[in-house]
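Data block below; observations after.
The values are calculated or read from the model by the stated rules, or taken from the named source; none is laboratory data. Since the model is a prediction, treat every value here as computed from it, not as a measurement. Positions of Cβ are generated from backbone atoms using ideal geometry, with glycine treated the same way; all protein chains shown enter the neighbour counts.
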Amino acid sequence: MAKVTGPLFSIEARGKIADAMVFFPWKGRNIVREWKAPSNPQTGAQGDRRIMLGGLGRAGGPVAKTSLYAEYARAVTPSGQTWLSELVRYMMVTYFDTSAHFTDHDTEEGAHGAHADFGVRAQEVGLAHFNLAYKAMATQFTWSHQLYCIAKYGCDMYIKDNLKFATAPYTKALATWVDSDIVLLLADFAVI
């Protein structure tokens, strides 16, 4: 049922009338539009994108807001965005533009010499595998892959602008990282 108020000759309505119209305020205006039933088809392609977006969003969870990593990331983030939204955008555009490229990136992380170390350290900071039953691709977003993405972003930002992320371990090629480099990464997650 819609709620209508009318103080001093101005009328505001909120809510739905049957399955026909919806009334709501938006940007200071009173709007009415046709009611559309929400849909969530849960297609395989939709599941793949949600795996990628959701896993990247979760990857930033262990990073404290006032950490060194967050400070570095904010320095490369365009104004009006959060560092995590920029990281997600960058990874989606650069590495995860298709499900096949996500799988390739997952394979790259799985073949890394410190793959097991990425997994152990990811668990230590509370990352968890992310999966959806309705995805089309065979792989899930593992905790080690999430931590690897955080590391890769730092290294990529250093390569892009040598003044950003200009400390160890980001100045070292990610392919050569060992456990001690991952420990340095996790140290940058802590509150400063």
Region 80-96: number of residues that are assigned to a helix (DSSP H, G or I) and farther than 18 Å from residue 106 by Cα: 4
Selected residue (criterion: nearest to the chain's Cα centre (by Cα)) from residues of region 161-185 that are under 17 Å from residue 63 (Cα atoms) and part of a helix (DSSP H, G or I): 185
Checklist (1) buried (at least 21 other Cβ atoms within 10 Å of the Cβ); (2) among the hydroxyl-bearing types (Ser, Thr, Tyr); (3) under 26 Å from residue 43 (Cα atoms) applied to residue 99, failing item: (1)
Which of (1) free of Cβ contacts under 8 Å to residues at least 24 places away in the same chain; (2) surrounded by 21 or more Cβ atoms within 10 Å (Cβ to Cβ) does residue 89 not meet, given it meets every other one? (2)
Restrict the check to region 14-24 and report whether at least one residue is surrounded by 12 or more Cβ atoms within 10 Å (Cβ to Cβ) and closer than 17 Å to residue 146 by Cβ. no
Out of all the residues in region 51-70, is one or more surrounded by 11 or more Cβ atoms within 10 Å (Cβ to Cβ), in a strand (DSSP E or B) and either modelled with pLDDT of 95 or more or out of contact with any Cys (no Cβ under 8 Å at 6 or more places or on another chain) (or both)? yes
Which count do you get for residues in region 107-133 that are without any contact (Cβ under 8 Å) to a residue 40 or more places away in the chain, outside any loop (DSSP other than H, G, I, E, B) and either of a type in the set (S, T, N, Q) or touching a strand residue (DSSP E or B) at 6+ places or on another chain (Cβ under 8 Å) (or both)? 2
Just name the residue that is surrounded by the most Cβ atoms within 10 Å (Cβ to Cβ) out of those in region 132-178 that are within 20 Å of residue 119 (Cβ to Cβ) and in contact with a Gly (Cβ under 6 Å, 6 or more places away or on another chain). 141
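Based on this model, can you work out whether residue 73 counts as touching a helix residue (DSSP H, G or I) at 6+ places or on another chain (Cβ under 9 Å), in a helix (DSSP H, G or I), loosely packed, with under 14 Cβ neighbours inside 10 Å and at pLDDT 95 or above? So that I can check it myself, show each step before the final result.
Details: touching a helix residue (DSSP H, G or I) at 6+ places or on another chain (Cβ under 9 Å): yes; in a helix (DSSP H, G or I): yes; loosely packed, with under 14 Cβ neighbours inside 10 Å: no; at pLDDT 95 or above: yes.
When the stated conditions are applied, residue 73 does not pass them.
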